[in-house]
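Nothing in this text is a laboratory measurement; each read-out follows from the coordinates by a stated rule. Everything quoted here is computed from the prediction, not taken from an experiment. Positions of Cβ are backbone-derived with ideal geometry, glycine not excepted, and every protein chain shown enters the neighbour counts.
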There are 2 protein chains.
Amino acid sequence: MKNKSLQFCALLLCFCLGACASPDDPAQPFNAYRMVDLTHVLHEQMPFWPGTGSFEIERLADYDVGYRMHRFSMWENNGTHIDAPAHFIEGGSSVNEMGLDDLVLPVAVIDAREQAARDPDYRLSVEDILAWEERNGRIQPDSLVVMNTGWHKRFSDSKAYVNQDEQGVLHFPGFSVAAAELLVERDVAGVGIDTLSLDPGNDLSFPVHRIILGAGKFQVENLNNLDTLPAAGAVAVIGVLPVKDASQAQARIFAFME
Amino acid sequence: MKNKSLQFCALLLCFCLGACASPDDPAQPFNAYRMVDLTHVLHEQMPFWPGTGSFEIERLADYDVGYRMHRFSMWENNGTHIDAPAHFIEGGSSVNEMGLDDLVLPVAVIDAREQAARDPDYRLSVEDILAWEERNGRIQPDSLVVMNTGWHKRFSDSKAYVNQDEQGVLHFPGFSVAAAELLVERDVAGVGIDTLSLDPGNDLSFPVHRIILGAGKFQVENLNNLDTLPAAGAVAVIGVLPVKDASQAQARIFAFME
């Protein structure tokens, strides 16, 4: 997590160049950009990590006293959320210490839907990343790289999303150790996925967490709507709750793209 | 809260025109934009409405088991947050029903710091709004209008921020009823302030809430860093937590400006 103000400005420039492409057509930019919500709605029936707790909402007051009021109780990993280095790394930075430069950044989307459909334990490989780079150019430093496993479409069905077998083993795709190491080598700012964890469900030793967070990068888990993103060219705005000393926290995440 | 995709695109166009103003100077856009965080950090010692509850964070696991994990408990009005119509209006929309168009919008900032410094019970007047329009043009439909009372600088001192007298009456500035009615007439999308409430602290009948939320608009309370915004020209991105059926919810809010 380092200063990326120049890069942020460059992103705005990309937006701008797109909109200025047809300067004689003032209507052009009105159809030029899309905004997509990458966030799952928070509610009590949504999937959560087995053995931890779910999101809870309690009604404390209602219209008979003049207004409606609730209290939320949530584990810091409920729903679409950020993992800061402090989640696994003693002395690592907390979510409220993420710089603004880390919260607006380009998104590279690696499509692993076919692999994950064939094998729920699929681990994104170095070859998958190199194939993406072959088509889209080298992954940018200080960007967010996300794996689209297709799992976000299962979020409305907790059983299918968590996918726990009779022995208690979770089966959802994730990153391989070698892929995580390559992304650190590329000096990305963060790594994301549309499952419960960057590590595949069947590896509870969390090696990918240790590599990504250990390198001072952040993680995004339980992303939504990755199907709507281009492989390259979108910009994410990460509205993570700035909770003091939290190791993870819920985020509202938007993507903007042509 | 209605469809404002055209307006959103127009905002991007504004960004773009700014960045394209010097097409022969590729470095120009690199210094053209600022990003400001309008959000207070969430922590247990921050101010909250007397008689309600504070934000709480509980440590559930630590590095001896391999990772750190917390649970948050918060009233839906703790910290920088959105009020949806459902907060006061039966049948009104909830925070998760806000359209994306309501979450990216231009910000008009009305500076009432001098008035609030003289009178902590100050109510923003119609004349204050008309004076803003005299200098900046008519308030745009579907925009966010915020009152800068200077109170955001007191947030680190709960006693000064809540400002409760010996009789239990709260003293912080807010909007007058007539000002709220004018903003509804202007058809803004939302109204914000850097205090605990759009209503001044000494009016617990909440007439401004009833007018703004009753008109289907949203509110933003406990905003931060309003001093850093221009009177006009900034764009807010409101990352409100999409909590199902919540009448209010915490938000991470950024502003972008030249």
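What sits nearest the axis between copies B and A, counting only chain B Cβ atoms, is the residue and whole-Å distance B:Gly239, 1. Give me the percent of DSSP beta bridges within chain A that run antiparallel, rounded to the nearest 5. The answer is about 65 percent antiparallel. For B:Asn202, nonlocal amide neighbours, meaning residues 5 or more places apart or on other chains whose placed amide H falls under 5 Å from its own, are B:Phe172.
As an exercise, identify the GluC sites (Glu not before Pro) in the stretch B:40-101 lying in DSSP coil whose Cβ has no more than 16 other Cβ atoms within 10 Å.
Working: sites: B:Glu44, B:Glu56, B:Glu58, B:Glu76, B:Glu90, B:Glu97; in loops: B:Glu44, B:Glu76, B:Glu90.
Here the sparse-neighbourhood loop sites are B:Glu44, B:Glu90.
If the elastic network links every pair of Cα atoms under 10 Å, which of A:Phe55, A:Phe72, A:Phe172 fluctuates the most in the Gaussian network model of chain A? Maximum among the listed residues: A:Phe72. By definition, a body whose alpha carbon gyration tensor gives a ≥ b ≥ c is prolate when a/c is 1.5 or more and a/b is larger than b/c, and the stretch A:217-258 fits this prolate description. Volume of the convex hull of the stretch A:51-117 (Cα atoms only), normalised per residue: 230 Å³. Just report the Cα centroid separation between the stretch B:144-218 and the stretch B:90-127, whole Å. Each part's Cα centre sits 7 Å from the other's. GNM remark for chain A: springs join alpha carbons under 10 Å apart, and the peak mean-square fluctuation among A:Thr52, A:Thr39, A:Thr80 falls on A:Thr52. Residue by residue, the stretch B:165-174 carries 3J(HN,Hα) couplings of 8, 5, 8, x, 7, 7, 10, 8, x, x Hz when phi is fed to the Karplus relation 6.51 cos²θ - 1.76 cosθ + 1.60 (θ = phi - 60°); x denotes Gly or Pro. In chain B, helices alone account for a calculated mean residue ellipticity at 222 nm of -6000 deg cm²/dmol, with every DSSP H run of four or more residues adding -39,500 (n - 2.57).
Shape call for the stretch B:121-258 from the C-alpha gyration tensor, a ≥ b ≥ c root eigenvalues: rounded (a/c under 1.5), prolate (a/b greater than b/c) or oblate? The shape class here is rounded. Shape class for the stretch B:63-196, computed from the alpha carbon gyration tensor (a ≥ b ≥ c): oblate, with a/c not under 1.5 and a/b at or below b/c. The charge dipole of chain B, taken about the Cα centre with unit charges on the Cβ atoms of Lys, Arg (+1) and Asp, Glu (-1), comes to about 340 debye, rounded to the nearest 20. With chain A treated as a Gaussian network of Cα nodes joined by springs under 10 Å, which of A:Ile193, A:Ile57, A:Ile89 yields the largest mean-square fluctuation? Fluctuation is largest for A:Ile57.
The phi-based Karplus calculation (6.51 cos²θ - 1.76 cosθ + 1.60; θ = phi - 60°) puts the 3J(HN,Hα) values of the stretch B:139-154 at 4, 6, x, 6, 9, 10, 10, 10, 9, 8, 8, x, 5, 4, 6, 8 Hz, whole numbers, x for Gly and Pro. In sequence order, the stretch B:114-130 has phi-based couplings of 5, 4, 5, 5, 6, 9, x, 9, 4, 10, 4, 9, 4, 4, 4, 5, 5 Hz under the Karplus curve 6.51 cos²θ - 1.76 cosθ + 1.60, θ = phi - 60°, and Gly or Pro positions carry x.
One compactness figure for chain A is 1.04, namely its Cα radius of gyration divided by 2.2 N^0.38 Å. Computed with the Debye formula from one identical point scatterer per Cα of the protein assembly as shown, without solvent, the log10 of I(q)/I(0) at q = 0.08, 0.09, 0.10, 0.12 Å⁻¹ comes to -0.49, -0.63, -0.78, -1.10.
Out of all DSSP beta bridges in the protein assembly as shown, what portion is antiparallel? Express it as a percent rounded to 5. Spell out each step's value before the answer.
Values: 57 of 87 bridges.
In the protein assembly as shown, DSSP labels about 65 percent of beta bridges as antiparallel.
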